[in-house]
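Laboratory data are not the source of any read-out in this text; all were calculated from the coordinates shown. Every value quoted in this text rests on a predicted model; they were computed, and no experiment measured them. No Cβ is skipped: glycine too gets one built from the backbone with ideal geometry, and neighbour counts run over all protein chains shown.
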Amino acid sequence: MKLQDKVCLVTGAASGIGKEIALTFAREGGRVVIADLNRAAAQAAASEITGSGGAAMAVTMDVTDEAQVNAAVAEVVAAWGGVDVLVSNAGIQIVHPIEDFPFADWKKMLAIHLDGAFLTTRACVPLMQKSGRGGTVIYMGSVHSKEASVLKSAYVTAKHGLIGLCKTVAKEGGKHGIRANVICPGFVRTTLVDKQIPEQAQALGISEDDVVQKVMLKDAVDGEFTTVQDVAQAALLFAGFESNALTGQSLVVSHGWFMQ
Ligand code: NAD
C-alpha cells in the first residue's frame, strides 16, 4: 500500500481522470476526498469507494470560489485532520479561434485551471507544513503544457502556467518536504474530449473521424488514446514517491505524441 492512511484531496474527481485517480489512491490505502462542483456525482464516486472497502468522502467545491475552497478544506480537516496529497485536476475545455474567443470564456478557463490550482494549493500547503510530514501537490497539466494546438489559446496558456506554479511550489516547499509535480496527458477519452470532437470537426471543416485520427491521435506511436489508468498510475508514482528527487518535474503521459 503506497498511500496508507494518507489524506488525498482530488479536485474534479467526480468523473474522468480525477475519478480514476481517486479509485487508484483508495486501492493503495489513501483516504480520498472527492472534491467537485457536481455534488451528486461526487457522492456517487465516494460511495463507490466506500462500497468496496475504501475510505472516501465527498465535498462540494467550485475551485474558482475562494470561500468554497477554504470551507471544503476545513471540512476535510474536521473529518480527517489534514491533507497529505492534493491533486489539482478540475478542468474544462473551451475552443475558439483567437479572434473569436469571448473574453468571458477566456476568463472562465484561466479561473478554473489557474485560480483553482492556486486556491487549492494555498489552502492545503499550510496543512502539509503543519503536519511535519510534508506532502505532495500534483497539477493536471496536459501535452498542452508544452505544446500548442489551434483553437486552444486559453487552455494552452493555462496549462503552460501550471508548470510555473509547480516549480515555484517545489522551491518554496523544499524545506518542508512538500513536493510538486505536473502530469501532462495526451488525449484521454473523457467527457472533456468527447465534447471537443464535434466542435473541432465543425471549426476545422473535417469529419469527426478525421478529428480523432488526423488531429488527436496523429502523432501517438500506437495510434491510441491515453487512458485514465495511464494517468492515474503516473499520479500514484508522484504521490507515493518517497524522496524529493522528482520535485518540480513534469511528466508527459501521451503514448509518444509529445517527446522531450
Ligand atoms: P471530465 O470532464 O471528465 O472531468 C472534469 C471534472 O471536473 C468533472 O467532474 C467536473 O464536474 C469537474 N469540474 C469542472 N469545473 C469545476 C470547478 N470549477 N470546480 C470543481 N470541479 C469542477 O474531464 P477530464 O478529461 O477528466 O479532465 C480532468 C483534467 O485533466 C482537466 O484539468 C483536463 O484539462 C486534464 N486533461 C484532460 C485530457 C483529456 O484528454 N481528457 C488531457 C490532458 C489533460
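List of remarks:
- Cα extents of the stretch 131-260 along the three principal axes, largest first (Å): 54, 27, 26
- Protection proxy ranking, peptides 58-64, 199-205, average beta carbon neighbours within 10 Å, highest first: 58-64, 199-205
- Column: log10 I(q)/I(0), Debye, Cα scatterers of the stretch 72-160, q = 0.10, 0.22, 0.26 Å⁻¹: -0.33, -0.99, -1.23
- In sequence order, calculated HN-Hα J values of the stretch 110-120 (Karplus, 6.51, -1.76, 1.60; Hz; x Gly/Pro): 5, 5, 5, 7, 9, 4, x, 5, 5, 5, 6
- Cα-based shape type of the stretch 82-123, given that a ≥ b ≥ c are square roots of the gyration tensor eigenvalues and the cut on a/c is 1.5: prolate
- Cβ crowding within 10 Å ranks E242, E147, E172 as E242, E172, E147, fewest other Cβ atoms first.
- Euclidean distance of C-alpha centroids, the stretch 1-29 and the stretch 192-208, integer Å: 31 Å
- Whole-Å semi-axes of the ellipsoid equivalent to the stretch 185-260 (Cα gyration tensor, √5λ, descending): 30, 12, 10
- A prolate overall shape is assigned to the stretch 124-203, the ratio a/c of its alpha-carbon gyration tensor axes (a ≥ b ≥ c) being 1.5 or greater and a/b exceeding b/c.
- Axis of helix 153-173 versus longest Cα principal axis of the chain: the two differ by about 30°, to the nearest ten degrees.
- ³J(HN,Hα), Karplus 6.51/-1.76/1.60, whole Hz, each residue of the stretch 8-25, x for Gly, Pro: 10, 9, 10, 7, x, 8, 7, 8, x, 4, x, 5, 5, 4, 4, 4, 5, 5
- Which of L246, L9 has the fewest Cβ neighbours within 10 Å, and the rest in rising order: L246, L9
- Over the chain - Rg/Rh using Cα atoms and the Kirkwood inverse-distance radius: 0.96
- Once backbone amide H atoms are built at 1.01 Å from N, V32 has C8, A55, A56, M57 as its partners under 5 Å, excluding neighbours fewer than 5 places away on the same chain.
- Cβ crowding within 10 Å ranks H113, H144 as H144, H113, fewest other Cβ atoms first.
- Förster-model FRET efficiency, 22 Å R0, A111 and T168, C-beta, rounded to 0.05: 0.70
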